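Have a look at the structure below before the remarks.
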Amino acid sequence: MIDLLVAGGGPAGLATAILGARAGLEVVVLERRHGAVDKACGEGLMPHAVALLGELGVEAAGKPFHGITYTNGRHCVTGRFRGGAGRGVRRTALHAGLLEAATAAGVRIEHGDIGEVSQSATSVYCSGFHARYLAAADGLHSAIRTDLGLARSSGGPRRWGIRRHHLMAPWSDCVEVHWANDAEAYVTPVADDCVGIAILTSRKGGFDAHFSEFPALRERVEGQAHGPDRAAGPLRQRVRSRTAGRVLLVGDAAGYVDALTGEGLGIAFGAAKLLVDCVAAERPGDYDRRWRRMSRRYRLLTAAALHASASPLRPAVVPAAARFPSVFRGVVNLLAE
Ligand SMILES: Cc1cc2nc3c(=O)[nH]c(=O)nc-3n(C[C@H](O)[C@H](O)[C@H](O)COP(=O)(O)OP(=O)(O)OC[C@H]3O[C@@H](n4cnc5c(N)ncnc54)[C@H](O)[C@@H]3O)c2cc1C
C-alpha cells in the first residue's frame, strides 16, 4: 500500500505530490495525458503564487509583472504590487518545471484514467492502486468530487474563459484587464515575445466574436501571429466539503469562483501544502476548515468582483476604480499577498 495516490497531474496534483514526497510519503500520480500539458489559463501567477512555486523549488521561465491595470477604453487605473512581482508563465513551462521537480523528489508518475474510488476506514482503492489517502486533483469538472457527492449546484450566471497567445513583445509590465459590456479580456505578458489574452464571458461564442468588443486591444495585436484558442468552463464550481473520509480535494476540484482575479494556482499551491500537512499528521478531518481559512480572502474578493461585474453597477467598476486609485491598489495588494 502506498501513502498517497494523487488523481490528476496538473499543477495542483504535482504540487501535492512534490510536497508529499518531500515529507517522506510514498506518492504516485495518475494522469491521463503525457508530457507538458497545455490548458486554457490566463497564466498570471500572483506574487503569493510565485512565492509558493519558489518553495516547491520550481524554476519556470516567464515574464514578471508588477501590478494590475483596469481599463474600459476611457478610464484606466493601475494598482502596483507593494511586495514582490507576479509572473506570467506559459502552462507548458509551468507543467514541465513541476514534472521535473516531482521526478526529482521521487514521485512515481503513472498514465491512465482515474476509475471508480472506494474506501474503507483505513485505505482507498482507485484504478488498481491501494493507498492510505487519495488527493483528488482532477480539475474543474472533477468526476471524483461528483461521485463522492461533494459537488453543490452552482447558482448565478455561467461563465467561460477562452485564451489565445499572440507572438509579440509585451507592451506593459502589468496584467491588463480590459472591460467591455459583456466580457473582460485580460492580457498577461508570458515571454519576451508572447502575450496571452484570456476572455471571460457568460455569452456563448468564439474568441474572435468576443474580441470584437475590445477594438483598441484588437487593433494592438492585429496582424501578429497567434496560436490556437483554448476554452474552459463553466468556471464556477461549488463544493459541499473538501473531504470525504480519506479522499481530499485539491486545486480546481476543491471548488472555483472565477478567473477574473487571476486566482487559481496560488490557492492550488496553498492547498497542496495544507493537504500534505493533514495527511502527514493523520488529521484529514482538519483539511476542509484549514482550506476555507487559507482561501477565504481570495474567494471573497473574487466573488465581490464577480458580483459587481454581473450587476447594474458593471459600467461603474472601472470609473470607480480610477476615481479611487488607492482603494484599487489596496484591493490588488490584498489579492497579491
Ligand atoms: C480562462 C482561465 C483563466 C485563468 N487564469 C488564471 C490566472 O491567470 N492565474 C491563475 O492562478 N489561475 C488562473 N486560472 C485557474 C487555473 O488555470 C486553475 O486554477 C489551475 O489550472 C488548477 O489546476 P488543477 O491542477 O487543479 O487542474 P488542471 O490543471 O485542470 O489539472 C487537472 C488534471 O487532471 C487530469 N484528469 C482529469 N480527469 C482525469 C481522469 N479521469 N483520469 C486521469 N487524469 C485526469 C487532467 O488531464 C489534468 O491534467 C484560469 C482558469 C481559466 C479557465
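The values are calculated or read from the model by the stated rules, or taken from the named source; none is laboratory data. What you are looking at is a predicted structure, and each value in this text was computed from that prediction instead of being measured. For neighbour counting, all protein chains shown are included, and Cβ atoms are generated from backbone atoms with ideal geometry for every residue, glycine included. Each accessible area value is taken on the protein alone, full model and side chains, heavy atoms only, with ligands, DNA and RNA left out. Shrake-Rupley method; radii C 1.70, N 1.55, O 1.52, S 1.80 Å.
Looking for something modelled with pLDDT under 95 and within 13 Å of the ligand (Cβ to nearest atom) - is there at least one such residue anywhere in segment 104-112? Checking segment 104-112: not a single residue is modelled with pLDDT under 95 and within 13 Å of the ligand (Cβ to nearest atom). The C-beta contact set for segment 140-158 (first residue open to solvent by less than 40 Å² (accessible area, probe 1.4 Å), second residue among the hydroxyl-bearing types (Ser, Thr, Tyr) and within 11 Å of the ligand (Cβ to nearest atom), distance under 8 angstrom, 6+ apart or interchain) comprises LEU140/TYR256; ALA151/SER142.
Quick check on my filter: what residues within segment 22-41 are within 11 Å of the ligand (Cβ to nearest atom), aliphatic (A, V, I, L, M) and under 14 Å from CYS126 (Cα atoms)? Correct list: VAL29, LEU30.
With the structure loaded, tell me whether THR92 is free of Cβ contacts under 8 Å to residues at least 24 places away in the same chain and either part of a helix (DSSP H, G or I) or under 18 Å from the mean Cα position of the chain (by Cα) (or both) or whether it fails that test. Give the derivation first.
Working: free of Cβ contacts under 8 Å to residues at least 24 places away in the same chain: no; either part of a helix (DSSP H, G or I) or under 18 Å from the mean Cα position of the chain (by Cα) (or both): yes.
Taking the combined requirement at face value, the residue does not satisfy it.
In summary, ARG163 fulfils each of the numbered conditions (1) more than 11 Å from the ligand (Cβ to nearest atom); (2) crowded, with 17+ Cβ neighbours inside 10 Å with the single exception of condition (1). Please enumerate the residues belonging to segment 272-328 that are free of Cβ contacts under 8 Å to residues at least 24 places away in the same chain, within 18 Å of the chain's Cα centre (by Cα) and surrounded by 18 or more Cβ atoms within 10 Å (Cβ to Cβ). The answer is LEU274, and nothing else. Annotation for segment 215-225: no member residue is in contact with a Ser or Thr (Cβ under 8 Å, 6 or more places away or on another chain) and surrounded by 21 or more Cβ atoms within 10 Å (Cβ to Cβ). In this structure, ALA51 qualifies as modelled with pLDDT of 95 or more, aliphatic (A, V, I, L, M) and outside any strand (DSSP E or B). For segment 25-39, filtering for residues that are in contact with a Lys or Arg (Cβ under 8 Å, 6 or more places away or on another chain) and buried (at least 21 other Cβ atoms within 10 Å of the Cβ) leaves 2.
Remark: pairs (first residue in segment 191-202, within 12 Å of GLY62 (Cβ to Cβ); second residue in a loop (DSSP other than H, G, I, E, B) and within 8 Å of the ligand (Cβ to nearest atom); Cβ separation under 9 Å; 6+ apart in sequence or on different chains) = GLY196/CYS41; GLY196/GLY42; GLY196/GLU43.
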